[in-house]
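See below for the structure under consideration.
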Amino acid sequence: MSVTADIQRLRTELGKLASFSESPAPAVTRVVFGDMDLRARDYLKTLFAEASLLVREDPVGNTFARWLGRSQSLPPVATGSHCDAIPNAGRFDGTVGVIGGLEAIRALQRSGFEPKRSIDLVLFTSEEPTRFGIGCLGSRLLAGALDASAGDTLTCVEGRTLNELRLSAGFSGRLGDVQLSPGAYEAFVELHIEQGPLLDLGRLDIGVVTAIAAPASFRIIVDGEGGHAGAVLMPDRHDAFLAAAEIALAIEAAARATGSPDTVATTGMCEVFPGAINSVPSRARLDVDVRDVDLGRRDAVLAAITAACDGVEGRRGVTVRLEPINADPPAWCAEPIVNTIAAASEARGLRHRTMISRAYHDSLFMSRIAATGMIFIPCREGISHRPDEYASPEAIGRGTEVLADTLAALASS
Ligand code: GLV
Ligand code: MN
Ligand code: MN
């Protein structure tokens, strides 16, 4: 059985997918349930149908494209990723796992392979937190890690709820029906760019992921006292933005203080109210992302940030509110799948290593309901979430072939 990825086709389809973007090339912006997201989904569903896959969509828009196996009573194996993209992103994050997953299936079909278990390609809804403030929305719901009440409580910046937006995008039904039971899948394997520099630096072909770091995010709202930028004297000020700035620096310090390169903290959003050059800010909002592979250390950083907020509150005469968004535990990949991916890489003579994922992925939640593994491929200089994100067609082809071999092994058992 010779399983070979069509590199030219991968390149063309990834290029076409990148054209569905809210920002001009080379940047890609594709916000969930926006026009471009819906057009990208339509394009992908056409490709799924061309490959004779049976397509099903759930109430949140997770899309399942199934290649029927011989033994349909057995739990299927699955692969997949996401196609939404944060503002000003690149074209490879998530999409490599969707187009690569599809090409892995097509390569197996071309080879004459007949799966015993069905193979699902899953397109997850909203892996990125851009619209609703929380990452892995679709896979969280699939894994039962987010209550269906989120349909009414999660809102976007324009104030529309998840339920309103999914319905207007054409995804109806009860959100509670999205959840899959543990064991619904025999295994889940996600192909993704590394989004870090290790494979590129080491001139390696494949990263075999063993664990996914524990992400947490929260919102900090600082209320101070506004006023006229000329008239309020400096000693009398309770500037909400300056208090928030101190907090942002304390967040950086808390992450650095662990001394571990595995601890990272980012204040990626800062909103100042009322946002006028001649007005002392009365309110500031920070959105913060903290991650570590060590849950205890991550939580210690969260505690240090809370203490820093208390200190700033007292010193600057402002009030600081901290609203948690999520605090997820890390995930471990299943050893048999790690071994299958490593064996597939070895058999193809590819240079590979085990590694942890510092980015989160839908695999973080799929691991709660299925034995899970991830295949990383190098991206240039580890750059990601930027328009200059790049993975070569050859690298994507190698990852796709390792994925195909892995799916073939898992679907045959
Ligand atoms: C996923 O995009 C992440 O932020 O890790
Ligand atoms: Mn991403
Ligand atoms: Mn991703």
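The values are calculated or read from the model by the stated rules, or taken from the named source; none is laboratory data. Note that the coordinates shown come from a computational prediction; the quantities given were computed from them, not determined experimentally. In this analysis, Cβ positions are derived from the backbone assuming ideal geometry, glycine residues included, and neighbour counts consider all displayed protein chains. Note: areas computed on protein heavy atoms with side chains; ligands, DNA, RNA excluded. Shrake-Rupley method; radii C 1.70, N 1.55, O 1.52, S 1.80 Å.
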Item to check | Any chance residue 219 is on the phi < 0 side of the Ramachandran plot and either of a type in the set (Lys, Arg) or within 19 Å of the chain's Cα centre (by Cα) (or both) | outcome: yes
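For region 262-349, which strands (runs of 3 or more DSSP E) that fit wholly inside it have 3 or more residues that are open to solvent by less than 50 Å² (accessible area, probe 1.4 Å) and not hydrophobic (A, V, I, L, M, F, W, C)?
Once the strands (runs of 3 or more DSSP E) in region 262-349 are filtered for at least 3 residues that are open to solvent by less than 50 Å² (accessible area, probe 1.4 Å) and not hydrophobic (A, V, I, L, M, F, W, C), what remains is 283-292.
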Item to check | Residues of region 101-118 that turn out to be open to solvent by less than 10 Å² (accessible area, probe 1.4 Å), in a helix (DSSP H, G or I) and either more than 18 Å from residue 375 (Cβ to Cβ) or touching a Pro at 6+ places or on another chain (Cβ under 6 Å) (or both), as a count | outcome: 0
Checklist outcome for this item: Taking region 166-185 and keeping only residues that are modelled with pLDDT of 95 or more, out of contact with any strand residue (DSSP E or B) (no Cβ under 8 Å at 6 or more places or on another chain) and open to solvent by less than 60 Å² (accessible area, probe 1.4 Å), one is left with 166, 169, 170, 173, 175, 176, 178, 180, 184
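Tell me, which residue of region 385-413 that is among the hydroxyl-bearing types (Ser, Thr, Tyr) and at pLDDT 95 or above is most open to solvent (accessible area, probe 1.4 Å)?
Just the residues of region 385-413 that are among the hydroxyl-bearing types (Ser, Thr, Tyr), to begin with: 390, 392, 400, 406, 412-413.
Retained after the next criterion (residues that are at pLDDT 95 or above): 390, 392, 400, 406, 412.
Numbers: 390: 87, 392: 31, 400: 1, 406: 0, 412: 59 Å².
Among residues in region 385-413 that are among the hydroxyl-bearing types (Ser, Thr, Tyr) and at pLDDT 95 or above, the one most open to solvent (accessible area, probe 1.4 Å) is 390.
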Next on the checklist: Considering only residues that are open to solvent by less than 10 Å² (accessible area, probe 1.4 Å), within 13 Å of residue 121 (Cβ to Cβ) and in contact with a Ser or Thr (Cβ under 9 Å, 6 or more places away or on another chain), which ones fall in region 55-70?
Outcome noted: 62, 63
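For (1) open to solvent by 10 Å² or more (accessible area, probe 1.4 Å); (2) among the polar types (S, T, N, Q); (3) in contact with a strand residue (DSSP E or B) (Cβ under 7 Å, 6 or more places away or on another chain); (4) within 16 Å of ligand 1 (Cβ to nearest atom), each residue gets a yes or a no:
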{"residue": "187", "(1), (2), (3), (4)": "no, no, yes, no"}
{"residue": "194", "(1), (2), (3), (4)": "yes, no, yes, yes"}
{"residue": "220", "(1), (2), (3), (4)": "no, no, yes, no"}
{"residue": "245", "(1), (2), (3), (4)": "yes, no, no, no"}
{"residue": "248", "(1), (2), (3), (4)": "yes, no, yes, no"}
Item to check | Qualifying positions in region 81-96 - open to solvent by less than 10 Å² (accessible area, probe 1.4 Å) and in contact with a Pro (Cβ under 9 Å, 6 or more places away or on another chain) | outcome: 89, 90
Checklist outcome for this item: Conditions (1) of a type outside the set (A, V, I, L, M, F, W, C); (2) more than 16 Å from ligand 1 (Cβ to nearest atom); (3) under 30 Å from residue 6 (Cα atoms); (4) out of contact with any Leu (no Cβ under 9 Å at 6 or more places or on another chain) -> residue 90 fails only (2)
Checklist entry - Of 107, 85, 184, 169, which residue is within 28 Å of residue 288 (Cα to Cα) and small (Gly, Ala, Ser)? => result 85
Checklist entry - Among the residues of region 350-384 satisfying the criterion of being polar (S, T, N, Q), within 16 Å of ligand 2 (Cβ to nearest atom) and not in a helix (DSSP H, G or I), which is least open to solvent (accessible area, probe 1.4 Å)? => result 357
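Conditions (1) surrounded by fewer than 24 Cβ atoms within 10 Å (Cβ to Cβ); (2) within 16 Å of ligand 3 (Cβ to nearest atom); (3) not in a helix (DSSP H, G or I); (4) not aromatic (Phe, Trp, Tyr), marked per residue:
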residue: 98; (1), (2), (3), (4): no, yes, no, yes
residue: 122; (1), (2), (3), (4): no, yes, yes, yes
residue: 131; (1), (2), (3), (4): yes, yes, yes, yes
residue: 138; (1), (2), (3), (4): no, yes, no, yes
